[in-house]
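Enquirer: Would you mind keeping the following structure in view while I ask a few things?
The values are calculated or read from the model by the stated rules, or taken from the named source; none is laboratory data. In this text, all values refer to a predicted model and were calculated from it rather than measured experimentally. Cβ coordinates were reconstructed from backbone atoms using ideal geometry, including for glycine residues, and neighbour counts include every protein chain displayed. Ligands, DNA and RNA are excluded from the accessible area calculation, which covers all protein heavy atoms including side chains. Shrake-Rupley method; radii C 1.70, N 1.55, O 1.52, S 1.80 Å.
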Amino acid sequence: MKLSEKKATLSFSDGSNPVEFPVYQGTVGPDVIDIRKLYGQTGMFTYDPGFMSTASCESAITYIDGDKGQLLYRGYPIEQLAVNCDFMETSYLLLNGELPNEKQKADFNHQVTYHTMVNEQMQFFLRGFRRDAHPMAIMTGLVGAMAAFYHDSTDITNPEHRHISAIRLIAKMPTLVAMTYKYSQGQPFIYPQNDLSYTGNFLRMMFATPCEDYKVNDVVERALDRIFILHADHEQNASTSTVRLCGSSGTNPFAAIAAGVACLWGPAHGGANEACLNMLEQIQANGGIAKVGEFMEQVKDKESGVRLMGFGHRVYKNYDPRAKLMQETCKEVLTALGLENDPLFKLAMELERIALEDPYFVERKLYPNVDFYSGIVQRAIGIPTSLFTAIFALARTVGWVAQWNEMISDPAYKIGRPRQLFTGDTARDVVEIAKR
């Protein structure tokens, strides 16, 4: 951080002495007021529900400008990475700060590829779940349980241990997600195959059977790889903040990432694309594209309780830069699979058209976000709706690991301890039960 020449002054209406706080500048984005000594100097806390105006950490990984609709990974625009790089290159970038050269990429791919298998006993743990359990319930358990199988790399003070844990998490997440899917289908698990790409390997583990050879569709592989890139990191969102807060206690990385998986499960976060596809299917069941206008009118009526999923974003006050890339990918996949006339895609396009033209949605900046089209792509590929959030967790793992490692590497980091505005009862005496 760079110390600014200006300072912030906090004054009080009761005549108390004003207090000065230093101001720091980031490379881009808003300056921050350093209030670490606020309580010591004033006896007061700040009050910021949802941390809407609070910088919880210093980070050099991901930057979002919501007004401009800009998303940067280590300074690189997401649009350029999604078009010119694959997920492994993007993962290397997030972890190491720079894009790899050919040798670095080959070495990184080799490391990840040869860690994709999971301990055979994980199968027995998996079989303890009901087959109809939600995939995110299973993934929360499996990821947390990795610490029991890979406890030889959980010394967070050792950079080599942190590196091994990062590789293991990135490598094994596709295997665990695929195993979760196969288990729900009653099909045999498919082991990783080292001559395939990261994404191609995942597709094979998901959809191959021992009965016949499986050939990875190049268009589908690239589309899913792009989904992984677009979801790899997103600054200090709820799940990333959860990983950082959990990790700040010094717990092992598997536990910290499991906490992120649990947080991501929420429909307001990682479950948004599942909710979006459910909305499209409901519109289709109630009359399809002919009823889109009526549905959008219901959305405008606050008394109706009807919500428009996949539009608007907590951060972006402009078009989500990932949404346009996802729309293009959606068209490519549907064309490659002969699904150009997919009714849900037509519904999605009509919803988007109305939202971009109707003053009600334009004024509220309710533009389509990445979840709007990613669900359609995954559905076309054959991924069940219930697995969407697990796919999200797979992709976001690299971002979580990068953020966790950045925090642990910072010599100034402390265990997280938010404060509160207490509005409960003051101290009172316990009365014996007969007199209450």
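Enquirer: Taking the Cβ of GLN378 as the center, what net charge do the other residues with Cβ under 11 Å away carry, scoring Lys and Arg +1 and Asp and Glu -1?
Expert: Overall, the nearby charge balance is -1.
Enquirer: Hey, another quick one. Residue farthest toward the positive end of the dipole of the chain, with Cβ of Lys/Arg at +1 and Asp/Glu at -1: which of GLY312, ALA355, VAL377?
Expert: Farthest towards the positive end: GLY312.
Enquirer: Nothing charged except the Cβ atoms of Lys and Arg (+1) and of Asp and Glu (-1): what's the magnitude of the dipole of the stretch 271-311 about its Cα centre? Round to the nearest 20 debye.
Expert: Numbers: 4 positive and 6 negative charges, 14 e Å.
Here the stretch 271-311 has a charge dipole of around 60 debye.
Enquirer: Another question about this same structure. Please get the size of the charge dipole for the chain, origin at its Cα centre, with Cβ charges of +1 on Lys and Arg and -1 on Asp and Glu, quoted in debye to the nearest 20.
Expert: It comes to approximately 900 debye.
Enquirer: Considering only protein heavy atoms, what per residue accessible area in square angstrom results for the stretch 1-138 with a 1.4 angstrom probe? Show your work: numbers first, answer last.
Expert: On the way: 8970 Å² over 138 residues.
Ligands and nucleic acids excluded, the figure is 65 Å² per residue.
Enquirer: Let me ask another. Can you report the principal axis dimensions of the stretch 31-133 using only the alpha carbons, biggest first, rounded to whole angstrom?
Expert: 56, 42, 26
Enquirer: For the stretch 257-377, evaluate the Debye formula with one uniform point scatterer on each Cα (no solvent term) and list log10 I(q)/I(0) at q = 0.12, 0.21 Å⁻¹, rounded to two decimals.
Expert: Scattering profile of the stretch 257-377, log10 relative to I(0): -0.44, -1.29.
Enquirer: From the alpha carbon gyration tensor of the stretch 150-300, can you work out the equivalent ellipsoid semi-axes (sqrt of 5 times each eigenvalue) and give them in Å, largest to smallest? Display every interim value, and only then the final one.
Expert: Working: eigenvalues 218, 127, 35 Å².
That gives 33, 25, 13 Å for the three semi-axes.
Enquirer: Given a 1.4 Å probe and every protein chain left where it sits, what share in percent of the accessible area of the stretch 87-205 is carbon and sulfur? Please report the intermediate quantities before stating the final value.
Expert: Numbers: 2690 of 5260 Å².
Here carbon and sulfur together make up 51 percent of the probe-accessible area.
Enquirer: Which one of TYR214, GLN193, LEU245 is farthest out on the positive end of the charge dipole of the stretch 181-255, using unit charges on Cβ (Lys, Arg +1; Asp, Glu -1) and the Cα centre as origin?
Expert: The Cα lying farthest towards the positive end belongs to LEU245.
Enquirer: Taking Rg and Dmax of the Cα atoms in Å as the quantity of interest, determine which of [x] 21.4, 91; [y] 23.8, 81; [z] 30.3, 105 was computed from the displayed structure.
Expert: After the calculation, the listed value that fits is [y].
Enquirer: Continuing with this model, one more query. If R0 is 41 Å, what FRET efficiency do you get for GLN193 and LYS302 from their C-beta distance, rounded to 0.05?
Expert: The value I calculate is 0.20.
Enquirer: Mind checking the dipole of the stretch 30-104: about its Cα centre, +1 per Lys or Arg Cβ, -1 per Asp or Glu Cβ, Debye to the nearest 20? Can you show the working numbers first?
Expert: Numbers: 5 positive and 11 negative charges, 57 e Å.
Computed charge dipole of the stretch 30-104: roughly 280 debye.
Enquirer: Right, here's the next one. Please work out, to two decimal places, the log10 of the ratio I(q)/I(0) at q = 0.11, 0.16, 0.18, 0.23 Å⁻¹ from a Debye calculation in which every Cα of the stretch 150-230 carries one identical scatterer.
Expert: Ignoring solvent entirely, the Cα scatterers give -0.37, -0.70, -0.82, -1.07.
Enquirer: Another question, if that's okay. Which of the listed residues, ALA232, GLY424, MET179, is farthest toward the dipole's positive end in the chain, when Lys, Arg count +1 and Asp, Glu count -1 at the beta-carbon?
Expert: GLY424
Enquirer: Rounded to whole Å, give me the distance from the Cα center of the stretch 293-344 to that of the stretch 99-148.
Expert: Taking the Cα centre of each part, the stretch 293-344 and the stretch 99-148 sit 31 Å apart.
Enquirer: Oh, and also: Which links in LYS302/LYS324; LYS215/LYS365; LYS105/LYS182; LYS215/LYS291 stretch past 32 Å when you go from one Cα to the other? If you can, show how the numbers build up before the last one.
Expert: Working: LYS302/LYS324 28 Å; LYS215/LYS365 42 Å; LYS105/LYS182 30 Å; LYS215/LYS291 39 Å.
Table pairs above 32 Å Cα-Cα are LYS215/LYS365; LYS215/LYS291.
Enquirer: Per residue of the stretch 377-394, in order, report the coupling 6.51 cos²θ - 1.76 cosθ + 1.60 (Karplus, θ = phi - 60°) as ³J(HN,Hα) in whole Hz, putting x for Gly and Pro.
Expert: 4, 5, 4, 5, 5, x, 7, x, 3, 5, 9, 4, 5, 5, 5, 4, 4, 4
Enquirer: Sticking with this one: Evaluate E = 1/(1 + (r/R0)^6) for ASN119 and SER249, where r is the Cβ-Cβ distance and R0 equals 25 Å; express this FRET efficiency to the nearest 0.05. Could the numbers behind the result be given before it?
Expert: On the way: r = 26 Å, r/R0 = 1.02.
About 0.45, to the nearest 0.05.
Enquirer: On full extension of the chain, what length is gained from ALA8 through MET52, given 0.36 nm per residue of separation minus the C-alpha to C-alpha distance? All intermediate terms of the calculation are to be shown ahead of the outcome.
Expert: Values: separation 44, 0.36 × 44 = 15.84 nm, distance 1.90 nm.
Going from the current span to full extension adds 13.9 nm.
Enquirer: Could you calculate the contour length gain from GLU328 to ALA412, that is, 0.36 nm times the residue separation minus the distance between their Cα atoms, to one decimal place in nm? Intermediate results must be reported in sequence, preceding the final value.
Expert: On the way: separation 84, 0.36 × 84 = 30.24 nm, distance 4.32 nm.
So the extension gain works out to 25.9 nm.
Enquirer: So between LYS435 and GLN111, what do we pick up on full extension, going 0.36 nm a residue minus the alpha carbon distance? Before the final figure, lay out each step's value.
Expert: Numbers: separation 324, 0.36 × 324 = 116.64 nm, distance 6.89 nm.
Value of the extension gain: 109.7 nm.
Enquirer: Now for a separate question. Determine, from the Cβ-Cβ distance of GLN70 and LYS291 and an R0 of 45 Å, the FRET efficiency 1/(1 + (r/R0)^6), rounded to the nearest 0.05. Spell out each step's value before the answer.
Expert: Values: r = 36 Å, r/R0 = 0.79.
That pair, GLN70 with LYS291, gives E of 0.80.
Enquirer: Roughly how many Å² is the accessible area per residue of the stretch 199-303, as a whole number, for a 1.4 Å probe?
Expert: Values: 4310 Å² over 105 residues.
Counting only protein heavy atoms, the per-residue value for the stretch 199-303 is 41 Å².
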